1. Within segment 119-133, can you find the residues that are hydrophobic (A, V, I, L, M, F, W, C) and open to solvent by 100 Å² or more (accessible area, probe 1.4 Å)?
2. Every residue in segment 202-219 that is open to solvent by 10 Å² or more (accessible area, probe 1.4 Å) and out of contact with any helix residue (DSSP H, G or I) (no Cβ under 8 Å at 6 or more places or on another chain), please.
3. Can E337 be described as modelled with pLDDT under 95, under 29 Å from Q31 (Cβ atoms) and in contact with a Lys or Arg (Cβ under 7 Å, 6 or more places away or on another chain)?
4. Is there a residue being modelled with pLDDT under 95, under 18 Å from K226 (Cβ atoms), under 25 Å from the mean Cα position of the chain (by Cα) and not β-branched (V, I, T) anywhere in segment 305-314?
5. Among helices (runs of 4 or more DSSP H) lying entirely in segment 1-109, which contain 2 or more residues that are at positive phi and either free of Cβ contacts under 8 Å to residues at least 40 places away in the same chain or not polar (S, T, N, Q) (or both)?
6. Check I160, I144, I180 and return the single one that is open to solvent by less than 10 Å² (accessible area, probe 1.4 Å) and at pLDDT below 95.
7. Is it the case that segment 23-41 has a residue that's open to solvent by less than 20 Å² (accessible area, probe 1.4 Å) and among the hydroxyl-bearing types (S, T, Y)?
8. Could you list, in sequence order, the residues of segment 34-56 that are of a type in the set (F, W, Y) and closer than 30 Å to D127 by Cβ?
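The values are calculated or read from the model by the stated rules, or taken from the named source; none is laboratory data. Keep in mind it's a predicted model, so treat the numbers as computed, not measured. With ideal geometry, Cβ positions are generated from the backbone for all residues, glycine too; neighbour counts draw on all protein chains shown. Surface accessibility is based on the protein's heavy atoms, side chains included, excluding ligands, DNA and RNA. Shrake-Rupley method; radii C 1.70, N 1.55, O 1.52, S 1.80 Å.
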Amino acid sequence: MIQDLMSFQLNSGAVFDQNREKIDSFGNDDQALKYLQDTVLICDRSHWGVLQLKGADRQRFLHNQTTNNINILKSGQSCNTVFVNSTGRTLDLATAYITEDSIVLLVSPNRRQFLIEWMDRYLFPMDKVEITDISSDNIVLTLIGDGSDLILQKWGINDIVNLSEGDHTLVTIENDTFRIAVGTGLGITGYTLIIPVESALTVWQKLIELGSIPVGNNVWEKLRIKQGRPYPDQELTEDYNPLEVGLWQAISFDKGCYIGQETIARLNTYKGVKQRLWGVKLSQLVEPGTPVMLDDNKVGILTSCTEIEQEAFGLTYVKTKAGGEGLNITIGLATGELIALPFLSHEYYS
């Protein structure tokens with residue numbers, strides 16, 4: 001079934017990466033970004049991981065493994081949550097969708113096997129939890145843009161339009177049943193769809209027919225940098241904790257113990273965040289990994305960089321003592337100014 005979708009996408013101009021695991025582009029990157037406010041983009045994120053947790057203890061187990069309060073969620077709700085190690089350093093940012101009989105976990109493309117093995121390490125014989133990788137059974141599509149509501153309404157999908165960010169539901173239309181959630185994972189208006197592979201082609205074709213413009217991972221990457229969504233091996237590494245990353249909205253300070261909780265709580269209590277992730281507007285493109293300089297002193301490192309409409313943007317860690325939004329810095333041959341980004345927050349909770 002997935003081969004049928006890939007063939008259709010190829011015939012529509014899709015350019016896949018060397019391993020044919022993801023679509024890099026449809027040859028329309030610049031145009032799609034330029035007219036984002038007036039159009040709806042559809043991005044195939046099927047290279048992302050989809051894990052499923054089942055069993056009576058599934059919610060309690062994930063609650064104890066990650067930073068957010070999973071126990072308070074009800075079926076039809078979701079949240080972002082961070083996997084951290086025992087010292088509170090980041091492993092991945094995931095989205096947990098609670099259903100009546102399972103938790104569907106959307107994880108980064110390069111983290112699904114790692115996280116299965118990580119969670120399995122903490123499973124005890126008496127735990128009633130089953131963890132399954134269902135990535136190959138599903139595709140993940142994201143509708144991006146203010147017109148996403150209208151696209152769904154044209155298709156006869158109305159109830160989801162009135163739900164809150166993170167809410168999700170199963171939709172059956174014609175012969176296709178799939179899960180649709182409010183939110184894009186980018187802090188931009190839109191929806192995320194998790195679709196069984198047998199319905200992949202028909203759903204993709206219908207969304208294109210209704211006016212969505214297909215885009216590849218190149219556009220997603222540009223948008224995630226512009227919005228500030230961190231990514232594993234770039235912003236999310238074991239060099240940083242989620243408070244430094246700016247993922248405060250994915251952390252509960254009221255829940256009980258979880259892996260890495262003591263470190264994170266102590267950093268919050270004593271205001272101990274020594275560096276922070278910021279956006280940076282640059283005079284030119286710079287290679288990630290380049291040091292950030294202030295008055296000839298190294299104060300951070302650039303982690304991501306891209307160009308959008310002939311402007312260079314990046315993500316960079318900067319020491320808290322050096323300054324924050326509005327700070328002028330030098331990165332390689334480029335000058336830059338730190339900017340706040342929609343996906344990130346930097347605050348302390350009392």
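1. Selection gives F124, M126.
2. Scanning segment 202-219 gives T202, K206, I208, E209, N217.
3. No; evaluated as a whole, the condition is false for this residue.
4. yes
5. Here the list is empty.
6. I160
7. Taking every residue of segment 23-41 in turn, at least one turns out to be open to solvent by less than 20 Å² (accessible area, probe 1.4 Å) and among the hydroxyl-bearing types (S, T, Y).
8. Matches in segment 34-56: W48 only.
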